[in-house]
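What follows is one structure encoded as structure tokens, with my remarks underneath.
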Amino acid sequence: MGTMLQSHDPSMADFQQLEGCNEVLNATRPDIVRSVHDAYLATGVDCVETNTFGANHTALAEYDIADRAHELSEAGARIARQAADAATRRTGQRRWVLGSMGPGTKLPTLGHIDYATVRDGFQANAEGLLTGGADALLVETTQDLLQTKAAVLGARRAMDTLGTDVPLLVSMAFETTGTMLLGSEIGAALTALEPLGIDMIGLNCSTGPAEMTEHLRHLARHSRIPLLCMPNAGLPVLTKDGAHFPLGPEGLADAQETFVREYGISLVGGCCGTTPEHLRRLVERVRGLTPAERAPQPEPGAASLYQT
């Protein structure tokens, strides 16, 4: 999303002098945001994500506009909704909008910010997304289990406030070290998050599909809820022109086809570095597949020192 938005060379006026705050473009340049959704919908994907990855309290507070979380979230959802509905009418294929709820820039576990502020900020984010027409909420790229819990409960509060109920998905980011940023391993993450009543769990960002294999194998064996996977186009390589993602469309499609066939992944897509061509090839490869049946065996364990 970010790379494609930047390719349109938005001006400082478009950013309202808040350079790099892509979510502001939902209000000032909906045409640019819409063009990105249209490019991906043209590949045949079922879902698009809203341009709201940073439309939460901590990320917007960096620009002193935390009070605009609801506004920018609603605007982002409306743009995606319009694009998805137009694609549905044009092709007859039902399309959905996933409301993106990114992790923000502060980690409550490390004391960067208090839990209630994070939770309430995510509630405003989620209320905006739901008001704008999101079909589901995706808490993504989570790096801190306490932050993830705040996002999930904020999303639930938003649904209660608006009197609605939509699927709630959680996607975690694991480092090449094999753990989340703060050291949580996949078993601990599943034990902590599944009891929150989420509808789907999985991985996105940080790495390419190769580095996600063992984590997905664990989830396939132990998760009682459906799984998702949205890897980067490989591990980024830093060049003089910035980050380069080496995995091509065929490589992404190969990996995701394997994950669907072997691990029963229900929702597949792409994160950083994955272009419309990556998704076009992915759609061609997995459109007719049925995810492998799973017989999960949940592992009993402690979600914390105080609760089993």
Residue pairs within 9 Å by beta carbon, gap of at least six or interchain, first lying in segment 261-280 and at negative phi and aromatic (F, W, Y), second part of a loop (DSSP other than H, G, I, E, B) and open to solvent by 20 Å² or more (accessible area, probe 1.4 Å), listed first then second, are Y263/P291; Y263/A292; Y263/R294
Listed by first then second residue, the pairs whose first member lies in segment 37-62 and is within 25 Å of E127 (Cβ to Cβ) and modelled with pLDDT of 95 or more, whose partner is open to solvent by less than 30 Å² (accessible area, probe 1.4 Å) and assigned to a loop (DSSP other than H, G, I, E, B), with beta carbons under 6 Å and at least 6 positions apart or on separate chains, are F53/G102; G54/G102; N56/G104; T58/G104; A59/G104
Any hit, segment 94-113, residues being assigned to a helix (DSSP H, G or I), open to solvent by less than 60 Å² (accessible area, probe 1.4 Å) and among the basic types (K, R):
no
Wholly inside segment 213-308, helices (runs of 4 or more DSSP H) that include 1 or more residues that are over 19 Å from the mean Cα position of the chain (by Cα) and farther than 21 Å from V48 by Cα are 213-222, 249-263
Taking segment 20-34 and the residues there that are out of contact with any helix residue (DSSP H, G or I) (no Cβ under 8 Å at 6 or more places or on another chain) and outside any loop (DSSP other than H, G, I, E, B), the one that is farthest from L267 (Cα to Cα) would be T28
**Request:** For segment 236-246, indicate whether the set of residues that are touching a helix residue (DSSP H, G or I) at 6+ places or on another chain (Cβ under 7 Å) and at negative phi is non-empty.
**Result:** no
Within segment 195-216, the residues that are more than 15 Å from Q143 (Cα to Cα), open to solvent by less than 40 Å² (accessible area, probe 1.4 Å) and in contact (Cβ under 8 Å) with a residue 60 or more places away in the chain are M200
When every residue in segment 153-173 that is surrounded by fewer than 22 Cβ atoms within 10 Å (Cβ to Cβ) and in contact with a Ser or Thr (Cβ under 9 Å, 6 or more places away or on another chain) is compared, the one farthest from R78 (Cα to Cα) is A173
Condition set among the charged types (D, E, K, R) and open to solvent by 60 Å² or more (accessible area, probe 1.4 Å), scope segment 257-280, selection farthest from L227 (Cα to Cα): answer is E277
Residue hits (segment 34-60; open to solvent by less than 40 Å² (accessible area, probe 1.4 Å), more than 15 Å from L98 (Cα to Cα) and in contact with a Gly (Cβ under 9 Å, 6 or more places away or on another chain)) are N56, T58, A59, L60
Query raised in the report: Any residue at all in segment 138-151 that is at pLDDT 95 or above, among the polar types (S, T, N, Q), touching a Pro at 6+ places or on another chain (Cβ under 9 Å) and on the phi > 0 side of the Ramachandran plot?
Result: yes
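The values are calculated or read from the model by the stated rules, or taken from the named source; none is laboratory data. A quick note: this is a predicted structure, and the numbers were derived from the prediction, not measured. Here the Cβ is made from the backbone with ideal geometry for all residues, glycine too, and neighbour counts use every protein chain on show. Remember, those area values only see protein heavy atoms, side chains included, never the ligands or the DNA or RNA. Shrake-Rupley method; radii C 1.70, N 1.55, O 1.52, S 1.80 Å.
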